[in-house]
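Worksheet: one structure, shown below.
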Amino acid sequence: GEEILRSVKIDFSISFGQYKIQKDGKNFYDQFSIPHYQWISDNPRKMNIDEKSPFIRYIFIDDEFIFSVSKLSNRPLCLPLGFRKKSNSRQQAGFDKLDAILFPAQIRNIDSIENEIKNSSLEKLIRQFIAEFDYDGSYIFQLASFSQKQFSGMICPKEFFSLTNSYIRTYKRIMVASNIHTKKIFIAGRKPEFEIPNANNFEFLGEVKYDCIEQMMSKFKFVLNVDPNYHSCYHDRFVRCINAGSVCITNENRKISDRTGFSLTYRFSAISQIDALIQK
């Protein structure tokens, strides 16, 4: 980095995900007073957010991510992911897609998450949050609202976020997949060590590398996406499904609905109707 600075005029820097470049224990953009943009594609509660430096500005893919962090010195940019508009040449060329559903998601062992909750000092509050949770609503917004009431307006402890996020995201995946009976579901992930309802309809493909998923999606007529507790963005699995020319089965949120024309959308509160949706 120092060599680049000496040989090239640099006006700003940008990184994707966690920023790790430091010099003498100090972030590089602070050391050399370089404006830095950092693109956060996942919930910022999983990241070490720099709230003090005047040189950093964050780019969030979900405009609700601001609720996940305390006050930033520079308000972040919010740029939801988009997708490439491609021709349907793959279908015109007679490319036959498998009339089945690809589900690119690891299903965690919900029993082990239950045990973690049971052993947590925050168990009572975690169970209260889960019991009151609206699965068709925004996780981030509900988390911020709950924190305001239960944690005296402070950002909730990371343990609370981690356990509620893990449980709800896993429960969503099980809820959706176990209610689909009319199509075979191929899960791009390891087989979990617990019983899932309707598991005889699943085939587990094992772990698949991130950069191979879109090519795999192109072979299936349908791709299932259960959002990872985001509510106002296009998640990357949704975007890549559209790029692959497949039909995305996903939950309705602030950006995605039947009216967008990009996908089939279900609601968690009416999940028993998902088979009829797919059969349309």
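The values are calculated or read from the model by the stated rules, or taken from the named source; none is laboratory data. Predicted model only: the values in this text are computed from it and were never measured. Heads up, the Cβs are rebuilt from the backbone with ideal geometry, glycines too, and the neighbour counts pull from every protein chain shown. Each accessible area value is taken on the protein alone, full model and side chains, heavy atoms only, with ligands, DNA and RNA left out. Shrake-Rupley method; radii C 1.70, N 1.55, O 1.52, S 1.80 Å.
Inside region 21-40, can you point out the residues that are open to solvent by 80 Å² or more (accessible area, probe 1.4 Å) and among the aliphatic types (A, V, I, L, M)?
Restricting attention to region 21-40, the residues satisfying the condition of being open to solvent by 80 Å² or more (accessible area, probe 1.4 Å) are 21-22, 24, 26.
Matches in region 21-40: ILE21 only.
In region 14-26, what residues are over 29 Å from HIS231 (Cα atoms) and either assigned to a loop (DSSP other than H, G, I, E, B) or touching a helix residue (DSSP H, G or I) at 6+ places or on another chain (Cβ under 9 Å) (or both)? So that I can check it myself, show each step before the final result.
Residues of region 14-26 that are over 29 Å from HIS231 (Cα atoms), as a first pass: 21-26.
Of everything in region 14-26, those that are over 29 Å from HIS231 (Cα atoms) and either assigned to a loop (DSSP other than H, G, I, E, B) or touching a helix residue (DSSP H, G or I) at 6+ places or on another chain (Cβ under 9 Å) (or both) turn out to be ILE21, GLN22, LYS23, ASP24, GLY25.
Going through region 12-27 one residue at a time, which ones are of a type in the set (Phe, Trp, Tyr) and either free of Cβ contacts under 8 Å to residues at least 24 places away in the same chain or farther than 22 Å from ARG45 by Cα (or both)? Steps first, answer last, please.
Residues of region 12-27 of a type in the set (Phe, Trp, Tyr): 12, 16, 19.
Matches in region 12-27: PHE12 only.
Just the residues that are assigned to a loop (DSSP other than H, G, I, E, B), open to solvent by 60 Å² or more (accessible area, probe 1.4 Å) and either modelled with pLDDT under 65 or over 13 Å from LYS221 (Cα atoms) (or both), please, taken from region 81-102.
ARG84, LYS85, LYS86, SER87, ASN88, ALA93, PHE95
What single numbered condition from (1) modelled with pLDDT under 90; (2) of a type in the set (S, T, N, Q); (3) farther than 17 Å from PHE83 by Cα fails to hold for SER263?
Condition (3) is where SER263 drops out.
Answer with yes or no whether ASN119 is exposed (fewer than 14 other Cβ atoms within 10 Å of the Cβ), of a type in the set (S, T, N, Q), over 22 Å from the mean Cα position of the chain (by Cα) and closer than 30 Å to PHE194 by Cα. If you could, list the steps in order and put the result at the bottom.
On the way: exposed (fewer than 14 other Cβ atoms within 10 Å of the Cβ): yes; of a type in the set (S, T, N, Q): yes; over 22 Å from the mean Cα position of the chain (by Cα): yes; closer than 30 Å to PHE194 by Cα: yes.
It is true that ASN119 is exposed (fewer than 14 other Cβ atoms within 10 Å of the Cβ), of a type in the set (S, T, N, Q), over 22 Å from the mean Cα position of the chain (by Cα) and closer than 30 Å to PHE194 by Cα.
Mind listing whichever residues of region 146-195 are within 20 Å of the chain's Cα centre (by Cα), basic (Lys, Arg) and open to solvent by 50 Å² or more (accessible area, probe 1.4 Å)?
Result: LYS158, ARG190.
Can you pull out the residues in region 27-53 that are under 21 Å from LYS9 (Cα atoms) and not in a loop (DSSP other than H, G, I, E, B)? Outline the logic, then answer.
Taking region 27-53 as the starting set, the residues that turn out to be under 21 Å from LYS9 (Cα atoms) are 27-38.
ASN27, PHE28, TYR29, ASP30, GLN31, HIS36, TYR37, GLN38, listed by residue number.
Out of the residues in region 122-138 that are among the acidic types (Asp, Glu) and surrounded by 13 or more Cβ atoms within 10 Å (Cβ to Cβ), state the one that is farthest from ARG173 (Cα to Cα).
Restricting attention to region 122-138, the residues satisfying the condition of being among the acidic types (Asp, Glu) are 123, 132, 134, 136.
Next, from what is left, pick out any that are surrounded by 13 or more Cβ atoms within 10 Å (Cβ to Cβ): 123, 136.
Working: GLU123: 22, ASP136: 13 Å.
Filtering first and then ranking leaves GLU123.
Select from region 176-232 the residues that are out of contact with any strand residue (DSSP E or B) (no Cβ under 7 Å at 6 or more places or on another chain), in contact (Cβ under 8 Å) with a residue 24 or more places away in the chain and aromatic (Phe, Trp, Tyr) and list them in ascending order.
PHE194, TYR230
Taking region 213-232 on its own, how many of its residues are of a type in the set (S, T, N, Q) and within 23 Å of ILE174 (Cβ to Cβ)? It would help to see each step written out before you state the result.
Let us first name the residues in region 213-232 that are of a type in the set (S, T, N, Q), namely 215, 218, 225, 229, 232.
Within this subset, residues satisfying the condition of being within 23 Å of ILE174 (Cβ to Cβ) are 225, 229.
So the answer is 2.
For the subset of region 103-155 comprising residues that are acidic (Asp, Glu) and not in a helix (DSSP H, G or I), which member is nearest to ARG254 (Cα to Cα)? Talk me through it step by step, then tell me what you get.
Applying the first criterion (acidic (Asp, Glu)) to region 103-155 yields 111, 114, 116, 123, 132, 134, 136.
Now narrow it down to the ones that are not in a helix (DSSP H, G or I): 134, 136.
Numbers: ASP134: 15, ASP136: 10 Å.
Step by step, filter region 103-155, then rank; the result is ASP136.
What number of residues in region 51-76 are buried (at least 19 other Cβ atoms within 10 Å of the Cβ), closer than 19 Å to PHE32 by Cα and in contact (Cβ under 8 Å) with a residue 24 or more places away in the chain?
Total meeting the criteria: 2.
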